[in-house]
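Structure first, commentary second.
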Amino acid sequence: MRSTVTSGGRTQIWHQQSILQHPDGTVLKQLQPPPRGPREMQFYTQVFAEDCSDPQVLSLRPHLPLFYGTWASSDSPNELYLKLEDVSRRFSRPCIMDVKVGRRSYDPLASPDKRQQQIRKYPLMEEIGFLLLGMRVYQPSRDCYVCQDQFFGRSLGMDTLAGGLAQFFHDGVKLRKQIIRLCIRKVRSILRWFESQKQLHFYASSLLFVYEGASSAHTDAEQNNNHHQHHLPPQDFPHAGSPAKSSCKWGDCGRDLPDCLQNGGQTHGSDPCLKQSKRNRECDEEEEEEEEEEEEEDSGGWLEEERSDGQVEVRMIDFAHVFPSESPDEGYMHGLKNLLSTLTKIIQD
């Protein structure tokens, strides 16, 4: 299915999950058929209601894309879209990853057939608690993106999970450990929210990770020379249920890359291109300081920027399967904790 949105005489065509780029810079997510679409719209409407006074709900807002109501074109007034913040818009070369979180990717109302279908897609979901749905990583040395789709994520097992996830933080030359630390900080903040609430359970929901892939000098140059030319909006990113794309929009990015960035599920955290040093070392405070000093020398001006949380976004997305509850969301918290453990392991290996 293809959808279009016209701005200034130019028609932009997107064909993944019917998500459009609005001329004002927001994204438009087409409302899914009932009950999923109305359920997601109700969730956003309640969380961002002007008269909302529930402190628990208000504290959830920073972890979500901003919601600007619904939108419909004059040509198809009955075709509604959710109008949402484009989390990647402010980045010059956004690196984007979608991770589904939770032990179950089906909700309590799913039929037995639907449950079995979801379990077959990734049998390890119950144990691991998260699934990598796709990523695009900018390679500065080649000025292109390396892409992985949902089938790559499903190929990851217990022994290859850390290495597969590490690819998102690898720029083709080195692992960007400080970006991982900033992501850990934001995921921990989301976990704290879940630990403090008992009113909602989330199923088949994802975390959207975004960070700046360009150096500070590159970013400044882009801002002075129409950086939107190469902008990669979220709607061009593979999500569950959308056509999987393993090829990069910007060309043949996989050519001549290190093996661990080409071989999908065969990647291991011990592969040479994912190693952080020539020797193994403990991650105590003293050695962490030494590592940061080494990174600062080799960072090419990136580290100072990366110390700011502004270089990273981690937002919860996809709320077609959110249900009221009276107990903690243990399944989602299990996934967040395992995700945090895996990110920490990537830094330490």
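See the values below:
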read-out: Normalised alpha carbon radius of gyration of the range 167-219 [divisor 2.2 N^0.38 Å]; value: 1.50
read-out: Solvent-accessible heavy-atom area per residue, rounded to whole Å², over the range 13-82 at 1.4 Å; value: 52 Å²
read-out: Segments 175-187, 48-60 sorted - mean Cβ within 10 Å per residue, highest first; value: 175-187, 48-60
read-out: Above-threshold pairs, the threshold being 32 Å between Cα atoms, out of K198/K345; K29/K114; K121/K345; K83/K345; K100/K174; value: K83/K345
read-out: Prolate/oblate/rounded call for the range 25-125, Cα gyration tensor, a/c under 1.5 rounded; value: rounded
read-out: Full-stretch length increase - E79, K337 - with 0.36 nm per residue and alpha-carbon distance subtracted; value: 89.0 nm
read-out: Accessible area (Å², per residue) of the range 114-182, counting only protein heavy atoms and a probe of 1.4 Å; value: 34 Å²
read-out: Ranked by how many other beta carbons lie within 10 Å on average, peptides 330-341, 31-42 from highest; value: 330-341, 31-42
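The values are calculated or read from the model by the stated rules, or taken from the named source; none is laboratory data. Everything numeric in this text was worked out from a predicted model, so none of it was measured. Counting neighbours? That spans all protein chains shown, and the Cβs are built from the backbone with ideal geometry, glycine included. Note: accessible area is taken over every heavy atom of the protein model, side chains too, but ligands, DNA and RNA are not part of it. Shrake-Rupley method; radii C 1.70, N 1.55, O 1.52, S 1.80 Å.
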